[in-house]
Amino acid sequence: MNIHNDVIYVKTTYGTDIIDITYEVKEKVLQSNINNGNIVLFISGSTAALTTIEFESGVINDLKDAIERIAPKDMHYEHDQRWGDGNGYSHVRAALLGASLTIPLVDRVLLLGTWQQVVMLDFDNRPRKREIRIQIIGE
């Protein structure tokens, strides 16, 4: 059993950025020399999330619209009242989607569906430099 730890850095703007990181994850797998196992991704921070989706403009816009309906920006958030930073919505959105993702790895191939990509979502109301921790566990 081997463990390979690494980091993917992503710069974001503000609002709801949805960024395809599939290529970067695949590159980290190649650098790891691990053939079979699991890839665990974790994003540090409480206003960003990880998931998979077909990275196509129509479904990306559909996802943004759905997120806006579930946790609207213009709703009252107690977090904003307490801290005054105006990003209460981003904390709720990130919590709903989650900070981690696990992907099986077989013969150095991520077991993603044909139209499935790995994406990082940043909901904060200011630009950020995000760190996505990647841990590849296997042999």
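The values are calculated or read from the model by the stated rules, or taken from the named source; none is laboratory data. Because the structure is a prediction, the values reported are computed rather than measured. Positions of Cβ are backbone-derived with ideal geometry, glycine not excepted, and every protein chain shown enters the neighbour counts.
Overview of results
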| quantity | calculated |
| --- | --- |
| Inter-residue pairs, beta-carbon under 8 Å, first crowded, with 20+ Cβ neighbours inside 10 Å and part of a helix (DSSP H, G or I) and in the stretch 8-26, second among the hydrophobic types (A, V, I, L, M, F, W, C) and at pLDDT 95 or above, 6+ apart | Val25/Ile8; Val25/Ile39; Val25/Leu41; Val25/Ile103; Val25/Leu110; Val25/Val118; Val25/Ile134 |
| Test: residue in the stretch 118-126 that is modelled with pLDDT of 95 or more and exposed (fewer than 12 other Cβ atoms within 10 Å of the Cβ) | no |
| Contacts under 9 angstrom Cβ, first residue in the stretch 39-56 being more than 12 Å from Glu131 (Cβ to Cβ) and touching a residue at least 60 places away in the same chain (Cβ under 8 Å), partner of a type in the set (Lys, Arg) and part of a strand (DSSP E or B), 6 or more apart | Val40/Arg133 |
| Of all residues making up the stretch 89-139, the number that are in contact with an Asp or Glu (Cβ under 9 Å, 6 or more places away or on another chain), among the small types (Gly, Ala, Ser) and part of a strand (DSSP E or B) | 0 |
| Trp115 vs. criteria surrounded by fewer than 14 Cβ atoms within 10 Å (Cβ to Cβ), in contact (Cβ under 8 Å) with a residue 24 or more places away in the chain and more than 14 Å from the chain's Cα centre (by Cα) | yes |
| Test: residue in the stretch 70-77 that is closer than 17 Å to Val118 by Cβ and either in contact with a Cys (Cβ under 7 Å, 6 or more places away or on another chain) or β-branched (Val, Ile, Thr) (or both) | no |
| Matching residues in the stretch 29-68 - criterion: being under 15 Å from Asn5 (Cα atoms), β-branched (Val, Ile, Thr) and assigned to a helix (DSSP H, G or I) | Val29 |
| Lone qualifier among Asn36, Asn5 - being in contact with a strand residue (DSSP E or B) (Cβ under 9 Å, 6 or more places away or on another chain), farther than 17 Å from Pro104 by Cβ and polar (S, T, N, Q) | Asn5 |
| Selection count where residues are surrounded by 13 or more Cβ atoms within 10 Å (Cβ to Cβ) and over 21 Å from Pro127 (Cα atoms), scope the stretch 42-61 | 5 |
| Filter result for Glu27 (farther than 26 Å from Gly138 by Cα and acidic (Asp, Glu)) | no |
| Qualifying positions in the stretch 64-95 - loosely packed, with under 15 Cβ neighbours inside 10 Å, of a type in the set (A, V, I, L, M, F, W, C) and free of Cβ contacts under 8 Å to residues at least 40 places away in the same chain | Ala66, Ile70, Met75, Trp83 |
| Residue in the stretch 69-79 that is more than 19 Å from Ala49 (Cβ to Cβ), outside any loop (DSSP other than H, G, I, E, B) and not polar (S, T, N, Q) present | yes |
